[in-house]
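Undergrad: Structure below; questions to follow.
We did not get these values from a lab; they are worked out from the coordinates using the rules stated. Just so it is clear, the structure is predicted and the values come from calculations on it, not from any experiment. For neighbour counting, all protein chains shown are included, and Cβ atoms are generated from backbone atoms with ideal geometry for every residue, glycine included.
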Amino acid sequence: MIPRTERFHPNLEARKAKGAIAYVVLVGAVAVGILGLVVLLVQVFLQGVDWLRPELIFNFPSRFPEQAGLKAALFGTLWLMGMTALFCVPVGIGAAIYLEEYAPENRLTQFIEINIANLAGVPSIVYGLLGLALFVHGYTFEYGSTKIEFNLGRSVMAGALTMSLLVLPIVILASREAIKAVPDTYRQASFALGATKWETIRGVVLPSALPGMLTGIILAMSRAVGETAPVIAISALVYLTFIPQGPLDRFTVLPIQIYNWVSRPQADFQGLAAGGIVVLLIVLLSMNAVAVYLRNKFQNRSIE
Amino acid sequence: MSLGSAAQGSPDSPSDVLRSSGSEYRALFKRNKRNWEGAVVHRLVFACAILSILTTVAILLSLVIQSWGFFSQIPVWEFLGEARWSPILKPRSYGVLPLVAGTMLVTFLGAAVAIPVGLAAATYLSEYAHDKVRRIIKPILEVLAGIPTVVYGYFALTFVTPQLQRIFPDMLVFNALSAGLVMGIMILPMVSSLSEDAMLAVPNSLRQAAYALGATRFEVSTKIVIPAALSGIMAAFIIGLSRAIGETMLVTIAAGATPKLTINPLESIQTMTAYIVQLSLGETPHGSLEFNTIFAVGLLLFLITLVMNVMGYAIVRKWGLKYE
């Protein structure tokens, strides 16, 4: 054979050197993300640690930073989270059951799926505007002498309905994944024993999918707890010295109270905001921990 | 639908299966009641799925109806063409361009951080990292994605801005640069994890072929995997950008409240989203022209993000990987 080395330049040293440099750059990119997270957490904690006192949890907001607390916001967040779960969990699971177990393969199903994916990408503030128009101000219908008025005002109910629509795509996607993970053999066994489709879903599919669905629901709720913009559009008022007693009362939530403190120029309020953020992050991290715990427990069981 | 394929024409009731000996089982199984229950459930869960379509319709309708009040007084071309936005302070002017420019400026800065860093991180996680390393890094990035945006706003305002002011002493407290950089960190996990998914979907046979020809790992990554996954990566970029455009609290807190047609990142600007929040906080009477501006801006925002999201998914569907 004719040696062709003069046309083939492997140049291996240079290529390997290039690879080594690239490796450092790529690791650096990952480090940027991790470093950002670490700096953010450390910064917030250092600023807020002095403000983590009982007053922060047990007091209502105040003009005086040393007396201001998150009581109204904490209860508002609890109310909002609970009612959002009440609305969006049954609907989300229902839609997931339809898409996984019932939906025929046709254009409507395809459209529903695309639509859900798009809804997940709609900016949260747009949901706020939807809630503002649909639930807060509502509509008045007049037919001659009869007048039907529908509006919920700036209430927890309006906030929870809006938030339900916002997190619904997340609940649906998570529930679908959980239902998909149930092996088909379970269904076939159930059918073989004479169960109807609904009996199979209720008695076999849903119980096995439950831990997975719970994980997704908790993650969706933690999204709802952290969302600020849509709640601002709905609740507007950020200075409340009472906790909601019913679904039609006004409310405020943790991120709004934090935003209120951040936007004040005094350094004390900035510290207070950092304290509030630490509380918010603790709430979110514990929710995530529960979700991860459920996921692990679920995975272990399915291996058995 | 996993079952449909496995058991064609899956039985709605056991009597379908036992049709040959059906009649005697009927009473035993109380078939009618059970079928009736199943039919109700079928309709209920269908209604749940339809609700998602109704939500989209409701979003569009409420935005269009509410901004009708605005566009009946201010012509669309004035809204889209004028270069000054001052809906509350006289002399009034309703040109949305400064808000759009503000949004684009912050988004551009965010993309300048998130796209290269996100792509590099995805390449590392998909092509280089051991499973063990990935199992540590991925949850960290997920935590980053789960932090509420108000926290990022606080971080930009109280940490990043003061640091940047050391480099640019005459930079304002509220500025696009700080908000944009933090925006980059914020959308980084999304860009990186969507890109990584696209790269993981590239079949191993392509990599093996390249290695067999003597390519280095870096060459395999940049010349084989990234081109093969390009459609998914582009979709990740677009979806990340659309997220940045719709992001609200970070820019409300850190970028300022002065609508300005500028490309100078050191200045204070206002985005579309920040304007909506600013007006929502005030005591603007419901139904007034000022109040309806937020729906006009919201409609524009919705349309922009909708087009981008549809584009993102369309790219994946049309040019997505078809190696099998």
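Undergrad: Does B:S268 count as at the interface with chain A (Cβ under 10 Å from one of its Cβ atoms) and buried (at least 19 other Cβ atoms within 10 Å of the Cβ)?
TA: no
Undergrad: Could you check how many residues of the stretch A:113-127 are assigned to a helix (DSSP H, G or I), touching a Ser or Thr at 6+ places or on another chain (Cβ under 7 Å) and buried (at least 21 other Cβ atoms within 10 Å of the Cβ)?
TA: Residues in the stretch A:113-127 being assigned to a helix (DSSP H, G or I), touching a Ser or Thr at 6+ places or on another chain (Cβ under 7 Å) and buried (at least 21 other Cβ atoms within 10 Å of the Cβ): 5 in total.
Undergrad: Quick one: count up the residues across the stretch B:232-265 that are more than 17 Å from the chain's Cα centre (by Cα), of a type outside the set (D, E, K, R) and either surrounded by fewer than 24 Cβ atoms within 10 Å (Cβ to Cβ) or within 11 Å of another protein chain (Cβ to nearest Cβ) (or both).
TA: 11
Undergrad: Which condition does A:A31 not pass, out of (1) over 24 Å from B:T161 (Cβ atoms); (2) of a type in the set (G, A, S); (3) surrounded by fewer than 17 Cβ atoms within 10 Å (Cβ to Cβ), if it passes all the others?
TA: Failed condition: (1).
Undergrad: Grab the helices (runs of 4 or more DSSP H) fully contained in the stretch B:167-266, keeping just those with 3 or more residues being in contact with a Phe, Trp or Tyr (Cβ under 9 Å, 6 or more places away or on another chain).
TA: B:176-200, B:230-246, B:249-254
Undergrad: Also, I was wondering about something else. So if I check each of A:G216, A:G246, A:G275, which one is under 19 Å from A:L41 (Cβ atoms) and among the small types (G, A, S)?
TA: Within the list A:G216, A:G246, A:G275, the selection yields A:G275.
Undergrad: Right, here's the next one. Looking at B:V96, B:V106, B:V100 in this structure, which one is in contact (Cβ under 8 Å) with a residue 12 or more places away in the chain, buried (at least 20 other Cβ atoms within 10 Å of the Cβ) and within 30 Å of B:T222 (Cα to Cα)?
TA: From the options B:V96, B:V106, B:V100, the qualifying one is B:V106.
Undergrad: Scan B:I304, B:I269 and give me the residue that is in contact with a Lys or Arg (Cβ under 6 Å, 6 or more places away or on another chain) and either in contact (Cβ under 8 Å) with a residue 40 or more places away in the chain or not β-branched (V, I, T) (or both).
TA: Among B:I304, B:I269, only B:I269 is in contact with a Lys or Arg (Cβ under 6 Å, 6 or more places away or on another chain) and either in contact (Cβ under 8 Å) with a residue 40 or more places away in the chain or not β-branched (V, I, T) (or both).
Undergrad: Further question on the same structure: Output the number of the condition that B:M104 fails; it satisfies all remaining conditions of (1) touching a Ser or Thr at 6+ places or on another chain (Cβ under 7 Å); (2) closer than 23 Å to B:A254 by Cα.
TA: So the condition that B:M104 fails would be (1).
Undergrad: Conditions: (1) within 12 Å of another protein chain (Cβ to nearest Cβ); (2) of a type in the set (A, V, I, L, M, F, W, C); (3) touching a Ser or Thr at 6+ places or on another chain (Cβ under 6 Å). A:A68 meets all but one. Number of the miss?
TA: The number of the failed condition is (1).
Undergrad: Okay, moving on. Can you say whether A:Q43 is over 19 Å from the mean Cα position of the chain (by Cα), assigned to a helix (DSSP H, G or I) and under 30 Å from B:I137 (Cβ atoms), as far as the supplied structure shows?
TA: For A:Q43, the condition - over 19 Å from the mean Cα position of the chain (by Cα), assigned to a helix (DSSP H, G or I) and under 30 Å from B:I137 (Cβ atoms) - is met.
Undergrad: With a cut-off of at least 2 residues that are away from every other protein chain (no Cβ under 13 Å) and aliphatic (A, V, I, L, M), name the helices (runs of 4 or more DSSP H) lying wholly within the stretch A:157-268.
TA: Output list reads A:206-226.
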